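Engineer: This is the structure I have questions about; it appears just below.
The values are calculated or read from the model by the stated rules, or taken from the named source; none is laboratory data. What you see is a predicted model, and the numbers here were worked out from it, not measured in a lab. Every residue, glycine as well, gets a Cβ built from its backbone with ideal geometry; the counts of neighbours run over all protein chains shown.
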Amino acid sequence: MLMLLGLHVAAIAIGFGIFFKKFGKLTRKQWKDTFNAQTLVIQPRKVNMDLLTFIAWIIIFVVFWIFTLLAIKFLTFRIILAIIFALPILFTILFFAFRIPVLTNDSNKIAFFENWKVGGHRGSSHDGIPENSLEAFLAVKNEGGQLAEMDIQITSDGVAVICHDSNVERVTGIDQDISSMTEAEFKNLTFIGTNISLPTFAEAVAFCVKNDLMMIWDVKNVDENLLKQFVIQIRTHNLYSKVIIAGFNPIDTYMVKLADSKILTGFTWRSWELSTTDEEATKQRFSGVLNAIANVLDIIAYCLARSLVLPKFLGSDMIFYHVNDASKYLAKSATDNNMYLAGWTSNNKTEMRWLRDYLKIPFLTDNVSMVPKN
């Protein structure tokens, strides 16, 4: 027993010696950056990965050692250890059993991404043109874009309508949730400072079809009724090469693929989406314990999104990532997995050139007229 204890003490002493020799000269800022979760995701070059790896192995070793000792005496810990070892096998089985295969060599998919270079985010809404209006969609066409992105909500009587927010106050000045309004009540609304009505989903689709505009339908909450409307619109107008349905909620796009595997779908994502409310990831969505939980979930989401594990499970045709998360590596990784990378939302000419000429990926902008012509 004493010999075993001596070996443990010696191993710990050697570990500490290696640790301080290798990492003892790090500055306080380097330590702070290494253990900052947001820095790890957004600026990984500032993080000492060797230190994180070393600590991760120590934690794994210590936890395993403690569990092993406890498992010798307690049945409960033996069961927990068995479950831990079984989880990777279980997740692998579930992944392959329920995943939706990604479309390969699909003519509609190829045509969609060959034709889409620049799209309007909620249309091309600038200089008084309201977002998600027919006028904003027409501006996309007139300014040289090929695609209009639009956001879909559902009224109380089950009609799909176009509006980004679930409440119309920001765009109309009237504080009311769309889910509590009828179609007629929604159609009586106008954008602030205009006599322009908010369009229904059917009106927006018909308008884009008439003007030969491709579309991204951004979904917030898919139900059977909305799925039926999607399928009807796509089959009626033969939009398989003209529309892609995307959203942050993976369940929504999974349901779309189950309804019709030929419909193109995209997985939308940005870093720190669950814990922050703005694209720059500076405004916390929660505080205290909830913020800590959201940060952990964001790191898990980061791993699933960047590795493409989640998009591959969903059968996504496009990974629709914020421009801050786009990279040459991601573009190649998407291609290797029969997907396409697209970016949202760029309003900077230098960034637009980088997306178009270096990454060679399609993107959305709030102002299509800003896109450089050369």
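Engineer: Using the structure shown, decide if residue 124 is at pLDDT 95 or above, small (Gly, Ala, Ser) and either part of a helix (DSSP H, G or I) or crowded, with 21+ Cβ neighbours inside 10 Å (or both).
Structural biologist: Judged against the criteria, residue 124 is a match.
Engineer: Got at least one residue in region 304-314 being of a type in the set (Lys, Arg), more than 26 Å from residue 122 (Cβ to Cβ) and within 11 Å of the chain's Cα centre (by Cα)? Before you say what the answer is, go through the steps one by one.
Structural biologist: Start the filter on region 304-314 by keeping residues that are of a type in the set (Lys, Arg), which leaves 306, 312.
If we keep only those that are more than 26 Å from residue 122 (Cβ to Cβ) too, we end up with 306, 312.
Pick out the ones that are also within 11 Å of the chain's Cα centre (by Cα) and you get 306.
Yes, region 304-314 contains a residue that is of a type in the set (Lys, Arg), more than 26 Å from residue 122 (Cβ to Cβ) and within 11 Å of the chain's Cα centre (by Cα).
Engineer: Moving on to the next point. Condition first: among the β-branched types (Val, Ile, Thr) and touching a residue at least 40 places away in the same chain (Cβ under 8 Å). Now tell me which residues in region 115-169 satisfy that.
Structural biologist: Within region 115-169, 118, 140, 152, 154, 159, 161, 162 meet the criteria.
Engineer: OK, next. Go over the candidates 317, 336, 325 one by one and state the one that is acidic (Asp, Glu), in the same structural domain as residue 259 (by TED's automatic domain parsing) and more than 14 Å from the chain's Cα centre (by Cα).
Structural biologist: 336
Engineer: Here are some conditions: (1) of a type in the set (A, V, I, L, M); (2) under 30 Å from residue 305 (Cβ atoms); (3) in contact with a strand residue (DSSP E or B) (Cβ under 9 Å, 6 or more places away or on another chain). Residue 227 meets all but one. Which one does it not meet?
Structural biologist: So the condition that residue 227 fails would be (3).
Engineer: Do you know which residues across region 236-290 are surrounded by fewer than 14 Cβ atoms within 10 Å (Cβ to Cβ) and more than 28 Å from residue 106 (Cβ to Cβ)?
Structural biologist: 277, 278, 280, 282, 283, 287, 288, 289, 290
Engineer: Being among the β-branched types (Val, Ile, Thr) and either surrounded by fewer than 14 Cβ atoms within 10 Å (Cβ to Cβ) or within 15 Å of residue 203 (Cβ to Cβ) (or both) is the filter here; which residues of region 226-235 pass it?
Structural biologist: The answer is 232, and nothing else.
Engineer: A follow-up question, please. Only one of 117, 109 is surrounded by fewer than 19 Cβ atoms within 10 Å (Cβ to Cβ) and closer than 30 Å to residue 357 by Cβ. Can you tell me which?
Structural biologist: 117
Engineer: Just to be sure, is residue 71 free of Cβ contacts under 8 Å to residues at least 60 places away in the same chain, small (Gly, Ala, Ser) and surrounded by 12 or more Cβ atoms within 10 Å (Cβ to Cβ)?
Structural biologist: Here the answer is yes, as residue 71 does meet what is asked.
Engineer: A further question follows. Tally the residues that are of a type in the set (D, E, K, R) and buried (at least 22 other Cβ atoms within 10 Å of the Cβ), restricting the search to region 211-225.
Structural biologist: Selection size over region 211-225: 1.
Engineer: Between residues in region 349-360 that are closer than 16 Å to residue 119 by Cβ and residues that are surrounded by fewer than 11 Cβ atoms within 10 Å (Cβ to Cβ) and modelled with pLDDT of 95 or more, which pairs lie under 7 Å by C-beta distance while being six or more apart or on different chains?
Structural biologist: Short answer, once both residue conditions are applied: 352/372.
One line per residue, one yes/no per condition, for (1) modelled with pLDDT under 95; (2) aromatic (Phe, Trp, Tyr); (3) under 21 Å from residue 251 (Cβ atoms):
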residue: 302; (1), (2), (3): yes, yes, yes
residue: 309; (1), (2), (3): no, no, yes
residue: 315; (1), (2), (3): no, no, yes
residue: 326; (1), (2), (3): no, no, no
residue: 350; (1), (2), (3): no, no, no
residue: 354; (1), (2), (3): no, yes, no
